[in-house]
Amino acid sequence: MISDKEEKDKKAQKCNRCGARGAVYHQMGLNLCRRCFREIAAKMGFKKYE
């Protein structure tokens, strides 16, 4: 039998760059985890506001 947790893990979004299943931004089709997003955000045209 498959537990509920294993079922959720299969459905969780996955980062296209590193494969992480944690905090993944999937808005606008990014599918990047927060770490990968921070590394390549500037190349993608995002600007950091203070």
Original post:
Each residue of segment 12-26 in turn: what ³J(HN,Hα) in whole Hz from Karplus with 6.51, -1.76, 1.60 and θ = phi - 60°, glycine and Pro shown as x?
Top reply: 4, 5, 10, 5, 6, 8, 10, x, 5, 10, x, 5, 10, 8, 10
Original post:
Across segment 33-42, in residue order, what do the Karplus-derived ³J(HN,Hα) couplings come to in whole Hz, using 6.51 cos²θ - 1.76 cosθ + 1.60 with θ = phi - 60° and x for Gly and Pro?
Top reply: 6, 4, 5, 5, 4, 5, 6, 10, 4, 5
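None of the figures in this text is laboratory data; all of them are computed from the coordinates on show. Please read all numbers here as calculations on a predicted model, not as lab measurements.
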